[in-house]
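Notes to accompany the following structure.
Throughout, read-outs are computed from the coordinates displayed, never taken from laboratory work. Nothing here was measured: the structure is a model prediction, and the numbers come from that model. Positions of Cβ are generated from backbone atoms using ideal geometry, with glycine treated the same way; all protein chains shown enter the neighbour counts.
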Amino acid sequence: MNRRATTLTETLMAIFLLLAGMLIVINLLHASLRHQARIEKRALSVQLAQLTLDRVRAWAWEKTAGTCNFHSNWAFYNGVTLTDPAYPGLTVQVDVSPGGRSLFSPASTLEQTYSGLPRRMTRAVVPVRVRVSQSGSDSVTLLTYVGEPPLELAPLTITGAAGALAQDASVTLQVSATDLAGNPVQGLSYFWSVEPTGPNPGLGTLVTDLDADGLPDRPRDGSQIDFQHRYLRSDGTAWRHKDGQCRVIARTRQYGRTVTGEVVLDLSPGPLP
């Protein structure tokens, strides 16, 4: 059997191809290690950003001098640069919009059709942006909305009732809510009802559309309503009067708990002098 020896050229070509393959493998391995290190750095940055947001949210729900920090000017965190010994080499920049952001209730698509009278939760959330950076690597930015902490409400307060109400007269009632410390609570929706009460029960009507144009003339969050000393017959043909006393009740619901307030109105048996 004839054997053919390998020439020097073929040997050099084989060595060249082997070295080229080894260089490609080494380069891919190096790139893989760099990519893995970048992923680990980014994962640590995301972890620190989430941890910082949790700390900000916990601080917002804490109380200082009896008031939740959520209602402060947020100077404790706004524009602050932080570091954490557990995350060496990482720097955290926290930016807050202390003025907060209003939200439509239940949704902007539904409420914006009511020009000038949408149900809006004032300063319902405060935007918080956390940026974690490290020299020589990409930064990570997380944005969240911190909501108002759950509050235990005091009984609702109804104002506007003053003296007896003559037949066909009306009065504008307004309801407001506070927490147990007396701080005003915004962003609630209210619902009203009227009930006859006392030894001489009276009856009246709650009205939000004063000019009968099909659109409400009072805020759609229910914070105001008009009570009229008259009621419509069941057949809708005429107005009637039922003098005496009636109880007007306002209700709201927050975090699964219903809170009420009420006021008793005296309905005069005739026009007041």
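Computed over segment 36-102, the convex hull of the alpha-carbon atoms projects to a mean area of 5.6 nm².
Available extension along the chain between ALA181 and ARG38 is 46.5 nm, counting 0.36 nm per residue and deducting the alpha carbon span.
Starting from one equal scatterer on each C-alpha and no solvent at all, send me the Debye-based log10 I(q)/I(0) for segment 112-157 at q = 0.20 Å⁻¹, two decimals. For segment 112-157, the Cα-only Debye profile gives -0.87. The mean sequence distance of close C-alpha pairs (under 8 Å, at least 6 residues apart), as a share of the length of segment 11-147, puts its relative contact order at 22 percent.
At q = 0.11, 0.15, 0.23 Å⁻¹, what log₁₀ I(q)/I(0) does segment 157-267 have when each alpha carbon counts as one equal point scatterer in the Debye sum? With one equal scatterer per Cα and no solvent, log10 I(q)/I(0) is -0.38, -0.68, -1.31. Rounded to the nearest 20 debye, the dipole size of the chain about its Cα centre is 1300 debye, using +1 on the Cβ of Lys and Arg and -1 on the Cβ of Asp and Glu.
Compared with the dominant Cα axis of the chain, that is its longest principal axis, helix 8-61 is turned about 20°. Taking other Cβ atoms within 10 Å as a rough exposure proxy, VAL130, VAL194, VAL46 sort from fewest to most as VAL46, VAL194, VAL130.
Over the chain, Cα pairs under 8 Å with separation of 6+ residues give a relative contact order of 15 percent. Measuring how big the chain is from its alpha-carbon positions, Rg and Dmax come out at 34.5, 138 Å.
With coordinates expressed along the principal axes, the C-alpha atoms belonging to segment 11-147 extend over 87, 42, 17 Å, beginning with the largest.
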